[in-house]
Structures are given as C-alpha cells and as structure tokens.
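Shown next, in structure tokens, is the structure this report addresses.
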Amino acid sequence: MSTVREIVEQLQAAEEPKEWMEELRADSRAGVKAALNRWNRQYEKKKKIREEFDKKCAFDLAYAPFEGALIAGVDEAGRGPLAGPVVSAVVILPKETPELIGLDDSKAIPKEERERLARKIRETAVAYSVHVQSVEKIDEINIYAATRDSMEQAVNALPIQPDIVLADAMTLSVACRTESIIKGDAQSLAIAAASILAKTTRDALMEELHEQYPAYQFAKNAGYGTSEHLNALRLHGPCSHHRTTFEPIKTMLGERGQEIGLSDHDAIDQPISNGHQSKQAAYSK
C-alpha cells in the first residue's frame, strides 16, 4: 500500500482524473481523503478557468469576418480618476494562446498576476499598441472624447492593420470595421488583453508620479478620489497632473482663484518627464 506522502505526490503530478483516483475514495486514511479533496477542488477551479478562457476565445471568433481574420481588442484605463492620464491599449492575439489561460478583466486580477500576464501578452501578441492621453487633452476636449481619441490613436499606431476591432463600450472611427462591446473586458479575450496592458502601463506611470508628488499618494490611489487623496488636495491644492475639469478640483480652483502649479508648492509640483507627456508605442513580433 502506498504511503500518504506517496499518494500526495502522485496527486500533485496528475493533471487530469485517473482511474487509480477512484480507488482512493475507499481509502480510510484522513490524509488521503484530505489530499484527494484538495486535488478535486483545484481541478474544478482549473477546469472553470479553462472553460472561461475557451468562452472568451469563442466570443472573439464569432466576430471574425472570415477564417484567419485579425481581431483586435481595445480598452482603456483611467477614465474616472482625478489625476493622471488615460491609457489605451489595443492587442491582436494569435488564434492559439494557451499561455494566456486565466486572462480576465484587469480589475479582476491581482497586481502580480497582471504584471505576469502583461509580459505574456507582449510576448505572444501578433501586434499591440499603447497610447497615453495627457491630462491637458482630457481637460481640453472632455474625458469621453479624449478616451475615444486615445483608443483610435492606439489602433492607428498598430504596425499591422486588423480586420475588425472590438472596443470595450466605445464606438470608434478607424479604417476597419469596429464593434462596441458592453462589458467587453469580461467577454472578449482580446479586450481583456488590452485592459491588462492599459492598466499595467497606467499603474507604472502613476507610480512614477508618486515619486514626484508623494503628498497625493498616487501609487496607492492611482489618482482616484480617495479620502486620503482629497485631504491632500485640500492641504496642498492640485498639481499639474490633476484634471481641472473634474470635481472637486474645478470648484476648488474657482473658490481659491488659483492656477495649477502654485509657486508655494514647488516641492510637490514638478513636471512629468517628457517621455510620458504623450507617449505612444507600437510593437510587433
């Protein structure tokens, strides 16, 4: 009879259910029962993740205008915060992407896993592009128009022309057919991939801004209006990367009759590096 330890090692090495596992159900040892139950839970979890992955792949393929069509997914990060840019990303994935099993909407994935997936996406993508829309542009034309413009610029910067673009809840005007998908990042693999690149890129930018403006805790709040962030705004006023058309910043500036970048806050109001004022990149394997 195998020892509990040997059975545990066998289970750890098994990827799929085996006939010998049925025999374990009759084993009275508590260690064996616990190990088998643990394997079953992990297997069901992996099975569900795989099913969700296959569902996302099928969703994208349903929009393909012909066999082998290049399907691009586009998404953004940063529409709601009080500070920082909007970042848009577009990704064209190959037909087979087993490396991306587990890929989901960026908001549903922990930071470390997002970073790992972002690396995998860059490695496996047929092509991808990232565009960073400045705060100045957001204030100039409004957040909706700035986001749409950013998404369109990201698509136009692709080194390969897609046959169709699936956008997360946005109607775009680009050279190819587009579809606006409500909650697309939860349904489409390509849009989910774009959401990961947009989110990780923006988080990195906000962490850089945190180094320049530590009072606002951008690395922690990503520019969103947390109580800590709002307290810092009341104490220091806004910096040059706050959105002046967003409340409560708009009212705050009006009440004080002040401009962004006040001289008495020079210690926390430094310009962002030129490379991130309006950054756009396109990559192809």
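The numbers here are math on the coordinates, done by the rules we state, and not lab data. Since the structure is predicted, the reported quantities are computational estimates derived from the model, not experimental observations. So basically every Cβ, Gly included, is an ideal-geometry build from the backbone, and we count neighbours across all protein chains shown.
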Inset, instruction - Positive end of the charge dipole of the stretch 8-61 (Lys, Arg +1 and Asp, Glu -1 on Cβ, about the Cα centre): tell me which of Val8, Leu61, Asn37 has its Cα farthest that way. - result: Asn37
Legend entry - In sequence order, calculated HN-Hα J values of the stretch 225-234 (Karplus, 6.51, -1.76, 1.60; Hz; x Gly/Pro): x, 6, 4, 5, 5, 5, 5, 5, 5, 5
Legend entry - Estimated vicinal HN-Hα couplings, Hz - the stretch 153-167 in sequence order (Karplus 6.51, -1.76, 1.60; Gly, Pro = x): 5, 4, 5, 5, 7, 4, x, 10, 6, x, 8, 7, 10, 9, 10
Legend entry - trypsin sites (Lys or Arg not before Pro) lying in DSSP loop within the stretch 12-41, provided at most 10 other Cβ fall within 10 Å: Arg25
Inset, instruction - Could you run the Karplus curve 6.51 cos²θ - 1.76 cosθ + 1.60 with θ = phi - 60° over the stretch 5-16 and give me ³J(HN,Hα) per residue in whole Hz, x for Gly and Pro? - result: 4, 5, 5, 4, 5, 4, 5, 4, 8, 7, 9, 10
Inset, instruction - Mind jotting down the three principal axis lengths of the stretch 8-61 based on Cα atoms? Whole angstrom, largest first. - result: 48, 17, 17
Inset, instruction - Please report, in cubic angstrom per residue, the volume enclosed by the convex hull of the alpha-carbon atoms of the stretch 137-185. - result: 77 Å³
Legend entry - Gyration tensor (Cα) of the stretch 35-185, equivalent ellipsoid semi-axes in angstrom: 29, 20, 13
Inset, instruction - Considering the convex hull of the alpha carbon atoms of the chain, report its projected area averaged over all viewing directions, in nm², one decimal. - result: 19.3 nm²
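For the chain, give the magnitude of the charge dipole about the Cα centre (Cβ charges: +1 Lys/Arg, -1 Asp/Glu; no others), in debye to the nearest 20. Could the numbers behind the result be given before it?
Details: 36 positive and 44 negative charges, 125 e Å.
About 600 debye.
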Inset, instruction - May I ask for the distance between the Cα centers of the stretch 194-218 and the stretch 25-63, given as a whole number of Å? - result: 35 Å
Inset, instruction - Hey, can you grab everything whose amide H is under 5 Å from the amide H of Val86? Only 5+ residues off in sequence or another chain; H modelled, so Pro and N-termini drop out. - result: Gln133
Legend entry - Rel. contact order, % - alpha carbon contacts under 8 angstrom, at least six apart, the stretch 23-153: 24 percent
Inset, instruction - Identify all aspartates and glutamates with a Cα-Cα distance to Lys250 below 20 Å; exclude those on the same chain that are fewer than 8 residues away in sequence. - result: Glu136, Asp139, Glu140, Glu228, Glu259, Asp264, Asp269
Inset, instruction - Please give the peptides 82-94, 137-149 ranked by average Cβ packing (other Cβ atoms within 10 Å per residue), highest first, as a rough proxy for protection. - result: 82-94, 137-149
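Compute, for the stretch 32-178, the length of the dipole vector about the Cα centre, with Cβ point charges of +1 (Lys, Arg) and -1 (Asp, Glu) only. Units Debye, rounded to 20.
Values: 22 positive and 23 negative charges, 199 e Å.
For this selection, approximately 960 debye.
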Legend entry - Entries in Lys33/Lys55; Lys33/Lys107; Lys48/Lys120 that, when Cα-Cα distance is taken, lie over 30 Å: Lys33/Lys55; Lys33/Lys107
Inset, instruction - May I ask you to list the aspartates and glutamates whose Cα is less than 18 Å away from that of Lys183, ignoring any residue fewer than eight positions away on the same chain? - result: Glu52, Asp54, Asp60, Asp75, Glu76, Asp104, Asp105, Asp168
